[in-house]
1. Not counting the cut sites, what is the longest span of the chain without GluC sites (Glu not before Pro) that DSSP labels loop and that have at most 11 other Cβ atoms within 10 Å?
2. Report LEU69's accessible area, 1.4 Å probe, all protein chains in place, as a number in Å² to the nearest 10.
3. If the elastic network links every pair of Cα atoms under 10 Å, which of HIS78, HIS111, HIS119 fluctuates the most in the Gaussian network model of the chain?
4. Calculate the FRET efficiency for ALA89 and HIS119 from the Cβ-Cβ distance with a Förster distance of 22 Å, rounded to the nearest 0.05.
5. Could you work out the pair-distance distribution P(r) of the chain from its alpha-carbon pairs, with 10 angstrom bin width and percents rounded to whole numbers?
6. Pull out the extension gain between GLN97 and ARG133, defined as 0.36 nm times the separation in residues minus the alpha carbon to alpha carbon distance; nm, one decimal.
7. Can you give me the % of accessible surface on region 70-135 that is carbon or sulfur? Probe 1.4 Å, all protein chains present, nothing else counted.
8. If you count only protein heavy atoms and use a 1.4 Å probe, how large is the accessible surface of ASP104, to the nearest 10 Å²?
Amino acid sequence: MINGLSHVSIVVPDLEAAARELEARYALKIGEICVNEQQGVRMTYVDLGNAKIELMQPLRPDSPVAKFLERNPRGGIHHFSLCVDDVRASKAAFEQQGARVLGDGTQKNVHGENIAFVHPQSFLGALVELEERSR
């Protein structure tokens with residue numbers, strides 16, 4: 001059901017400053033900054049070819065990312081994302097195995113793909129995003 005790593009997501013307090021640092025220190029280029037209103041974040045990606053680094057900054061104080069930043073003022077790794085063919089089918093299969101999956105697979109990422117999250121208690125303490133890839 002899982003067929004690859006999509007991205008590792010890092011929450012940052014200042015998206016532009018983080019982009020400048022990644023460029024200056026590692027010669028990494030960020031993509032276009034976009035907004036996901038549903039999740040309450042501004043975000044961008046660094047494309048590494050086989051996976052991406054996602055940078056997220058809270059858009060509003062009530063977003064889960066803002067709450068993460070309150071607990072971790074300097075930012076940090078928020079989650080990693082795994083590619084699946086079908087989020088709803090993966091959710092059902094994982095739940096049959098006792099995993100706690102958040103959402104119903106109708107939440108969308110900035111690319112319009114279905115996503116859901118596996119609760120950290122069900123994945124070795126890590127928050128995992130399931131991302132349905134359009135083929």
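1. With a cap of 11 other Cβ atoms within 10 Å, the longest stretch comes to 38-135.
2. 30 Å²
3. Of HIS78, HIS111, HIS119, the Gaussian network model singles out HIS111 as fluctuating most.
4. E(calc), rounded to 0.05, equals 0.75.
5. 12, 43, 35, 10, 1
6. 10.7 nm
7. 49 percent
8. 90 Å²
The values are calculated or read from the model by the stated rules, or taken from the named source; none is laboratory data. The shown structure was predicted, so the numbers you read here are calculated from the model rather than taken from an experiment. A quick note on method: Cβ atoms are made from the backbone with ideal geometry, for glycine too, and the neighbour counts reach across all protein chains shown. For the accessible areas, the whole protein counts, side chains as well, though only heavy atoms, and no ligand, DNA or RNA atoms are used. Shrake-Rupley method; radii C 1.70, N 1.55, O 1.52, S 1.80 Å.
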